[in-house]
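S.K.: Sharing a structure here in structure tokens format.
The values are calculated or read from the model by the stated rules, or taken from the named source; none is laboratory data. Being a predicted model, the structure only gives us computed values, none of them experimental. Cβ atoms come from the backbone with ideal geometry, glycine included; neighbour counts cover every protein chain shown. SASA here: full protein model, heavy atoms, side chains in, ligands and nucleic acids out. Shrake-Rupley method; radii C 1.70, N 1.55, O 1.52, S 1.80 Å.
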Amino acid sequence: MDRRQGERPEEGRVNSPSGTADERFRTIEVKRSILDDNDRDADLLREQMKEQGTLLINLMSSPGSGKTTTLLQVIDRLRDQLRIGVMEADIDSDVDARRMTEAGVKSIQLHTGGMCHLDADMTRQGIEAFGTKDLDLVILENVGNLVCPAEFDTGAAKNVTILSVPEGDDKPLKYPLMYQVCDLLIVNKIDVLPYFDFDKEKVAEAAKLRNPDIEVLFISAKTGEGIDEVAKWFLRQVRG
Ligand SMILES: Nc1nc2c(ncn2[C@@H]2O[C@H](COP(=O)(O)OP(=O)(O)O)[C@@H](O)[C@H]2O)c(=O)[nH]1
Ligand SMILES: [Mg+2]
Ligand SMILES: [Zn+2]
């Protein structure tokens, strides 16, 4: 999955703090860790972030479930209370960091060079390039994928996953590890529930089967329904 590794420069362009949105965020190429012990590396990063006083949250989902849209809504409700930064990870493109920057959110784009997940060392490379010392909360939007992001501990204090209604209510049964490692399941796009056979109780039940402690919140990032509850959850994690 890392076929394109090495084809790209060590670091992308470094731009000035003024200018267009494109010029106001940096893009860095993160390289896969050479360490074999990702879990140990993740624990070290978690400890480091704790000492620094910055909460790192890892947001995972399949592509298009609404990670960026949800984050924009949640951050809009928290920006007066918390200093927030977003690390957008993608195999390529600057689309999400540009959306964040245009909305006035401090953001950095991480390119994984074709890798379909981030490991702890890649996350650390992002954290160091981003400069997070003055932030209360950093949210990592992981690469869109329900499989391996769940297998690689990034060093985040909390894991959150989004499942959107059109994807179907059977996903916790098909991708159990994702739900096992997450502290919060956000079910998004409830505005389209009338058009799908999606059972809200069934999905919550299936997720809790994998992780009895998982919290489940239903939202529409489009209409704003339920976003306040998600914002409160994020705030509780930071304050806790
Ligand atoms: N109907 C509806 N569409 C949504 C909702 N949230 C996101 N979308 C749309 O879903 C698409 C993917 O959203 P995006 O936030 O880019 O997903 P990501 O790939 O997970 O970051 C976009 O066209 C959004 O406008 C929602 O609650 N309801
Ligand atoms: Mg996105
Ligand atoms: Zn992967």
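S.K.: Are any residues in segment 118-162 open to solvent by less than 30 Å² (accessible area, probe 1.4 Å), within 14 Å of ligand 3 (Cβ to nearest atom) and part of a helix (DSSP H, G or I), and if so, which ones?
M.R.: Those that are open to solvent by less than 30 Å² (accessible area, probe 1.4 Å), within 14 Å of ligand 3 (Cβ to nearest atom) and part of a helix (DSSP H, G or I): Ala120, Met122, Thr123, Cys148, Pro149, Ala150.
S.K.: Cβ-Cβ below 6 Å, separation at least six or inter-chain, first residue in segment 155-175 and within 17 Å of Val238 (Cβ to Cβ), second open to solvent by 40 Å² or more (accessible area, probe 1.4 Å) and not charged (D, E, K, R): which pairs?
M.R.: Final answer for the pair search is Asn159/Val181.
S.K.: Scan (1) open to solvent by 10 Å² or more (accessible area, probe 1.4 Å); (2) within 14 Å of ligand 2 (Cβ to nearest atom); (3) part of a loop (DSSP other than H, G, I, E, B); (4) in contact (Cβ under 8 Å) with a residue 60 or more places away in the chain for the single condition Asp92 breaks and write down its number.
M.R.: (4)
S.K.: Any residue at all in segment 125-136 that is among the aliphatic types (A, V, I, L, M) and in contact with an Asp or Glu (Cβ under 7 Å, 6 or more places away or on another chain)? Give the derivation first.
M.R.: Keep residues of segment 125-136 that are among the aliphatic types (A, V, I, L, M), which gives 127, 129, 135.
Among the residues that remain, those that are also in contact with an Asp or Glu (Cβ under 7 Å, 6 or more places away or on another chain) are: none.
Checked segment 125-136: no residue is among the aliphatic types (A, V, I, L, M) and in contact with an Asp or Glu (Cβ under 7 Å, 6 or more places away or on another chain).
S.K.: Can you find even one residue in segment 128-141 that is within 19 Å of Asp36 (Cα to Cα), β-branched (Val, Ile, Thr) and in contact with a Leu (Cβ under 8 Å, 6 or more places away or on another chain)?
M.R.: As a first pass, look at segment 128-141 and keep what is within 19 Å of Asp36 (Cα to Cα): none.
No, because not a single residue in segment 128-141 is within 19 Å of Asp36 (Cα to Cα), β-branched (Val, Ile, Thr) and in contact with a Leu (Cβ under 8 Å, 6 or more places away or on another chain).
S.K.: Can you give me the number of residues within segment 181-217 that are under 27 Å from Thr154 (Cα atoms) and open to solvent by 90 Å² or more (accessible area, probe 1.4 Å)?
M.R.: 5
S.K.: Arg32 - would you say it is closer than 24 Å to Thr161 by Cα and at pLDDT 90 or above? Before the answer, list the steps.
M.R.: Details: closer than 24 Å to Thr161 by Cα: yes; at pLDDT 90 or above: no.
No: the conditions fail for Arg32.
S.K.: Something else now. Which count do you get for residues in segment 218-229 that are within 14 Å of Ser164 (Cβ to Cβ) and crowded, with 17+ Cβ neighbours inside 10 Å? Write out each step before concluding.
M.R.: Of all residues in segment 218-229, those within 14 Å of Ser164 (Cβ to Cβ) come to 218-223, 225-226.
Add one more test, that the residue is crowded, with 17+ Cβ neighbours inside 10 Å, and what stays is 218-221, 226.
Matching residues across segment 218-229 total 5.
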